[in-house]
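Chemist: Before anything else, here's the structure in question.
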Amino acid sequence: MPSPAQTEAVPSNPVQYARPNGGVWSQVGVITVDYPPVNAVGHGVRSGLLAALDDGLADDGADALVIVCAGRTFMAGADIREFGKPSAPPTLPEVVARLDAASKPVVAAIHGTALGGGLEVALACHVRVALKSAKLGLPEVKLGLLPGAGGTQRLPRLVGAAKALDMILSGDPVGAEEALALGLVDAVEDGTSPLEAGLRAAERLLAEGNVPQPVSARTDRIAGTDPGLFAAKRAELAKRQPHLFSPHRIVDAVEAAVTLPFAEGTARERELFLACMESPQRAGLIHAFFAEREVAKVPGLPADTPTRDIRKIGVIGAGTMGGGIAMCFANAGIPAVLVDTAQEGLDRGIAAIRRNYEATARKGRLTAAQVEERMALIHPTLSYADLADADLVVEAAFESMEVKQTIFRKLDETCKPGAILATNTSTLDVDAIAAATGRPQDVLGMHFFSPANVMRLLEVVRGAKTSDSVLATVMGLARRIGKVGVAVGVCYGFVGNRILHQRGRESMALVEEGASPEQVDRVLTEFGFPLGHFSMTDLAGIDVGWRIREERRKSGDPEAQAPNWLDTLAERGRYGQKTSAGVYRYEPGSRTPIPDPEVAAVIEEDRRRRGITPRTVSDEEVRERCLYVMVNEAAKILEEGIAARPVDIDTIWLHGYGFPSWRGGLLFWADREGLGRIAEAVQRYHRDIGGPQWRPSALLLQCAAEGRPIGC
Ligand code: 3HC
């Protein structure tokens with residue numbers, strides 16, 4: 001079997017052409033792309049592919065060609081770093097057109113992920129063979145784009161327009177076996193290298209002497225497409241994704257594939273692609289893509305910081321949060337000991353976990369066997385002694401300093417030396433919790449977001465004494481369990497909730513002054529949040545905030561506010577969705593918020609008690625006060641070093657609070673909104689309304705004055 005090392009390589013190029021010396025495959029030319037880390041189809045790869053194709057076509061000894069990639073993956077897309085800059089020829093559509101017109105059959109040999117422009121290269125080949133572990137998809141929609149190198153035209157020709165629309169609109173990849181069933185690939189191979197799989201496919205092709213038509217010439221899968229498909233998709237999108245630009249263009253492009261000849265369809269795709277490329281949503285989504293990867297690199301924490309082995313986890317508290325956290329680890333195959341103080345609580349917690357998994361199984365996303373495997377990884381117990389060999393314990397108990405310090409004292413006595421002790425507190429001082437132990441260097445916060453098994457954000461709270469190795473271990477663990485870990489410092493509410501707290505305070509003030517909860521929520525959902533502030537409060541549970549406020553009031557915190565109308569709702573047992581009544585009321589089994597006159601009366605009574613005469617509040621005021629107060633707080637968080645970089649704040653709000661990803665993130669958006677405008681409004685509200693939330697951030701004023709961005 002020839003290996004790439006035995007081939008006649010052409011060096012100093014990310015793409016090389018070579019032909020095996022002798023042997024059974026000596027009639028097959030090999031084009032190898034080697035451009036780490038993911039073989040993105042950047043300028044060098046595009047020109048290299050053309051040059052290698054020319055070499056292969058000119059090589060009289062080669063009757064067929066194979067395109068294969070070195071490293072961990074096939075080409076994972078166009079090079080995203082080039083977007084927004086002038087594109088240097090050859091363009092990807094030019095490369096793809098040359099492949100499509102190649103006079104010799106070309107095989108794409110796929111391993112890892114063939115995504116976006118990478119899959120489009122493969123689609124322009126005559127044959128596609130994939131390793132069993134490979135994944136194939138067109139994820140451009142996640143970057144505010146559409147496939148711009150023929151993907152919208154060729155994919156429907158292979159899998160039909162309906163499936164192509166599903167794949168391109170979701171952006172989610174399919175596995176090799178599904179790709180085979182769909183007709184996206186021609187063969188799947190296992191237990192071999194991609195090169196060998198490609199060479200074998202080329203050999204079969206030559207032996208059969210029957211070269212398939214280029215995909216561009218095929219029409220059988222698109223003939224007879226129901227035109228109603230496109231109208232139905234448009235109606236669905238108008239309802240589900242009214243804010244997004246590129247999905248609507250995707251429907252136009254796929255429709256062009258079935259209504260126009262290939263060349264015209266391709267021209268239409270190009271036009272629509274360029275429109276997406278110019279849209280601000282593309283810039284926002286690409287910022288969000290890189291931000292997610294950037295946050296993993298914590299400033300001042302070297303990439304080679306030694307980490308600790310994490311094989312067994314402990315979770316304290318079998319409530320909703322603790323159960324969700326245990327599931328996160330079980331989902332990643334890590335055993336978790338779940339501790340509670342009472343058998344009843346433990347039984348309830350375990351039953352809730354099982355219900356959760358079974359609901360996932362009913363949706364077809366887990367098999368019955370997988371449900372049992374995961375349940376078997378969660379070990380319920382009443383005994384702390386079972387935590388003796390845990391490598392990391394996450395405490396998810398009641399939000400009270402006294403309770404948490406007691407637990408940490410017990411953990412300090414029970415857990416082995418070197419075990420990491422984490423608290424899931426959302427507001428309390430991690431340093432004060434660490435001080436209850438004799439090992440504050442091993443203590444930090446792991447702030448999960450509800451529902452913990454679903455939400456991707458994990459705030460990793462670094463205490464004053466947390467060691468580098470503990471921080472590095474938990475950042476790595478976050479990735480292992482599929483979370484986006486963001487390192488933050490200690491302060492009330494850390495980054496996410498501290499900003500949320502200011503938005504909440506302002507939302508409450510707006511309602512007190514005369515706005516309705518529905519108006520505040522509508523302005524926020526029109527901005528792009530999936531839920532308004534009060535719908536979110538109902539989802540999270542009004543009792544949670546009420547208990548925190550009670551705790552602060554009891555502890556004599558001078559910043560604690562007097563009871564408000566939300567506290568009145570909580571006192572009446574209106575906890576939100578879980579009691580079918582909160583700020584809104586809910587019909588049984590429904591999550592649709594319905595304004596409730598009882599709440600309007602509570603608000604009215606609260607205004608009367610405070611001597612407030614309600615006024616008309618404009619939507620613009622709601623928008624400014626809810627969003628600018630967040631930007632001001634975020635700037636203070638940066639000033640204080642609680643977040644190291646703007647991307648950390650952007651990522652926290654994107655992944656923990658539903659900030660619209662197409663706006664890039666809070667601070668990325670703030671720059672586009674205009675810092676001058678925001679700074680002016682912050683100073684105006686400070687003058688007119690006052691309060692610590694409107695004290696202007698020095699950093700914000702400075703950036704605005706210097707015309708310097710605060711995000712990036
Ligand atoms: N362009 C440039 N850099 C890319 C890239 C791309 N398409 N895809 C990944 N990278 C970079 C990442 O930024 C990261 O860089 P870093 O190490 O400096 O932070 C590095 O490659 C590794 O990426 P991940 O950390 O994400 O590695 P994973 O192994 O977890 O995931 C992946 C690999 C599944 C390929 C994932 O990176 C991914 O989904 N990439 C984006 C794929 C994509 O969206 N492709 C479509 C691009 S648009 C397009 O093709 C337009 C065309 O139609 C014209």
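The values are calculated or read from the model by the stated rules, or taken from the named source; none is laboratory data. Everything numeric in this text was worked out from a predicted model, so none of it was measured. Don't worry about glycine lacking a Cβ; one is built from the backbone with ideal geometry, like all the others, and counts go over all protein chains shown. Only protein heavy atoms, including side chains, enter the accessible area calculation; ligands, DNA and RNA are left aside. Shrake-Rupley method; radii C 1.70, N 1.55, O 1.52, S 1.80 Å.
Chemist: With touching a residue at least 60 places away in the same chain (Cβ under 8 Å), more than 16 Å from the ligand (Cβ to nearest atom) and open to solvent by less than 40 Å² (accessible area, probe 1.4 Å) as the only criterion, which of LEU285, LEU272, LEU182, LEU205 stands out? I'd like the intermediate steps shown before the answer.
Modeler: Details: LEU285 fails: more than 16 Å from the ligand (Cβ to nearest atom); LEU272 fails: more than 16 Å from the ligand (Cβ to nearest atom); LEU182 fails: touching a residue at least 60 places away in the same chain (Cβ under 8 Å).
None of the others qualify; the one that does is LEU205.
Chemist: In the set VAL470, VAL474, which member is more than 28 Å from TYR357 (Cα to Cα) and either of a type in the set (A, V, I, L, M) or within 18 Å of the chain's Cα centre (by Cα) (or both)? Let's see the steps before the verdict.
Modeler: Working: VAL474 fails: more than 28 Å from TYR357 (Cα to Cα).
Of VAL470, VAL474, the one residue that is more than 28 Å from TYR357 (Cα to Cα) and either of a type in the set (A, V, I, L, M) or within 18 Å of the chain's Cα centre (by Cα) (or both) is VAL470.
Chemist: When you scan the stretch 63-82, do you find a residue that is more than 14 Å from the ligand (Cβ to nearest atom), of a type outside the set (Ser, Thr, Tyr), in a loop (DSSP other than H, G, I, E, B) and under 24 Å from LEU145 (Cβ atoms), even just one?
Modeler: Quick first cut of the stretch 63-82, residues more than 14 Å from the ligand (Cβ to nearest atom) only: 63-68, 70.
Narrowing the set further to residues that are of a type outside the set (Ser, Thr, Tyr) leaves 63-68, 70.
Adding the requirement that they be in a loop (DSSP other than H, G, I, E, B) leaves 63, 70.
When the remaining residues are screened for being under 24 Å from LEU145 (Cβ atoms), the result is none.
Within the stretch 63-82, not a single residue is more than 14 Å from the ligand (Cβ to nearest atom), of a type outside the set (Ser, Thr, Tyr), in a loop (DSSP other than H, G, I, E, B) and under 24 Å from LEU145 (Cβ atoms).
Chemist: If I go through the stretch 377-420 residue by residue, how many of them are touching a Pro at 6+ places or on another chain (Cβ under 9 Å) and open to solvent by 20 Å² or more (accessible area, probe 1.4 Å)?
Modeler: Residues that pass the stated criteria total 2.
Chemist: Among the candidates PRO147, PRO156, PRO93, single out the residue that is outside any strand (DSSP E or B), within 16 Å of the ligand (Cβ to nearest atom), open to solvent by 10 Å² or more (accessible area, probe 1.4 Å) and not aliphatic (A, V, I, L, M).
Modeler: None of the others qualify; the one that does is PRO93.
Chemist: Anything in the stretch 283-313 that is in a helix (DSSP H, G or I) and out of contact with any strand residue (DSSP E or B) (no Cβ under 8 Å at 6 or more places or on another chain)? List them, or say none. Steps first, answer last, please.
Modeler: The first filter runs over the stretch 283-313 and keeps only residues in a helix (DSSP H, G or I), leaving 283-294.
If the condition is that a residue be in a helix (DSSP H, G or I) and out of contact with any strand residue (DSSP E or B) (no Cβ under 8 Å at 6 or more places or on another chain), then ALA283, GLY284, LEU285, ILE286, HIS287, ALA288, PHE289, PHE290, ALA291, ARG293, GLU294 are the ones that fit.
Chemist: What number of residues within the stretch 109-129 satisfy the criterion of being within 15 Å of the ligand (Cβ to nearest atom) and buried (at least 24 other Cβ atoms within 10 Å of the Cβ)? Lay out the reasoning, then the answer.
Modeler: First, pick out the residues of the stretch 109-129 that are within 15 Å of the ligand (Cβ to nearest atom): 110-124.
Pick out the ones that are also buried (at least 24 other Cβ atoms within 10 Å of the Cβ) and you get 110-111, 114-124.
Of the residues in that region, 13 qualify.
Chemist: Starting from the stretch 565-582, keep only residues that are without any contact (Cβ under 8 Å) to a residue 12 or more places away in the chain, then list their pairs with residues that are hydroxyl-bearing (Ser, Thr, Tyr) and outside any helix (DSSP H, G or I) whose Cβ atoms are within a distance under 6 Å, requiring at least 6 positions of separation or different chains.
Modeler: SER580/TYR586
Chemist: Just the residues that are among the aliphatic types (A, V, I, L, M) and open to solvent by less than 60 Å² (accessible area, probe 1.4 Å), please, taken from the stretch 344-368.
Modeler: Answer for the stretch 344-368, where residues must be among the aliphatic types (A, V, I, L, M) and open to solvent by less than 60 Å² (accessible area, probe 1.4 Å): LEU346, ILE350, ALA351, ALA352, ILE353, ALA359, ALA361, LEU366.
Yes/no per residue for (1) surrounded by 20 or more Cβ atoms within 10 Å (Cβ to Cβ); (2) assigned to a helix (DSSP H, G or I); (3) outside the structural domain of PHE329 (by the TED database):
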residue	(1), (2), (3)
ASP431	no, yes, no
MET446	yes, no, no
SER450	no, no, no
ASN453	yes, no, no
GLU459	yes, no, no
MET475	yes, yes, no
ARG479	no, yes, no
ILE499	yes, yes, yes
LEU539	no, yes, yes
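Chemist: Now, a different point. Here's a check for you: in the stretch 65-102, which residue that is of a type in the set (D, E, K, R) and without any contact (Cβ under 8 Å) to a residue 60 or more places away in the chain is farthest from LEU143 (Cα to Cα)?
Modeler: Within the stretch 65-102, the first condition is being of a type in the set (D, E, K, R), and the residues that meet it are 72, 79, 81-82, 85, 94, 98, 100.
Narrowing the set further to residues that are without any contact (Cβ under 8 Å) to a residue 60 or more places away in the chain leaves 72, 79, 81-82, 85, 94, 98.
Working: ARG72: 22, ASP79: 12, ARG81: 12, GLU82: 13, LYS85: 16, GLU94: 22, ARG98: 26 Å.
Going through the qualifying residues, I end up with ARG98.
Chemist: Identify, please: which residue in the stretch 50-59 is open to solvent by 10 Å² or more (accessible area, probe 1.4 Å) and among the aliphatic types (A, V, I, L, M) and is, among those, farthest from the ligand (Cβ to nearest atom)? Quick ask: steps written out before the conclusion?
Modeler: Residues of the stretch 50-59 open to solvent by 10 Å² or more (accessible area, probe 1.4 Å): 50-51, 54-55, 57-59.
Now narrow it down to the ones that are among the aliphatic types (A, V, I, L, M): 50-51, 57-58.
Details: LEU50: 16, ALA51: 20, LEU57: 24, ALA58: 27 Å.
So the residue we want is ALA58.
Chemist: Sticking with this structure for a sec: For the stretch 461-473, name all the residues that are within 25 Å of GLY324 (Cβ to Cβ) and open to solvent by 30 Å² or more (accessible area, probe 1.4 Å).
Modeler: Correct list: ARG462 only.
Chemist: Out of (1) within 20 Å of GLN693 (Cβ to Cβ); (2) of a type in the set (Lys, Arg); (3) in a loop (DSSP other than H, G, I, E, B), what's the single condition that is false for ARG574?
Modeler: (1)
Chemist: When residues of the stretch 693-705 are filtered for being open to solvent by 70 Å² or more (accessible area, probe 1.4 Å), over 21 Å from ASP650 (Cβ atoms) and within 33 Å of the chain's Cα centre (by Cα), how many remain? Lay out the reasoning, then the answer.
Modeler: Let us first name the residues in the stretch 693-705 that are open to solvent by 70 Å² or more (accessible area, probe 1.4 Å), namely 695, 702, 705.
Next cut, over 21 Å from ASP650 (Cβ atoms) only: 695, 705.
Remaining after also requiring within 33 Å of the chain's Cα centre (by Cα): 695.
Number of matching residues: 1.
Per-residue answers, yes or no, for (1) crowded, with 20+ Cβ neighbours inside 10 Å; (2) not β-branched (Val, Ile, Thr):
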site	(1), (2)
VAL215	yes, no
THR219	no, no
LYS233	yes, yes
GLU236	no, yes
VAL251	yes, no
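Chemist: I would also like to ask the following. Out of the stretch 16-37, which residues are free of Cβ contacts under 8 Å to residues at least 40 places away in the same chain and within 16 Å of the ligand (Cβ to nearest atom)?
Modeler: ASP34, TYR35, PRO36, PRO37
Chemist: For ALA88, are the conditions met, namely being more than 13 Å from the ligand (Cβ to nearest atom), at pLDDT below 95 and surrounded by fewer than 17 Cβ atoms within 10 Å (Cβ to Cβ)? Show your work before the answer.
Modeler: Details: more than 13 Å from the ligand (Cβ to nearest atom): yes; at pLDDT below 95: yes; surrounded by fewer than 17 Cβ atoms within 10 Å (Cβ to Cβ): yes.
In short, yes.
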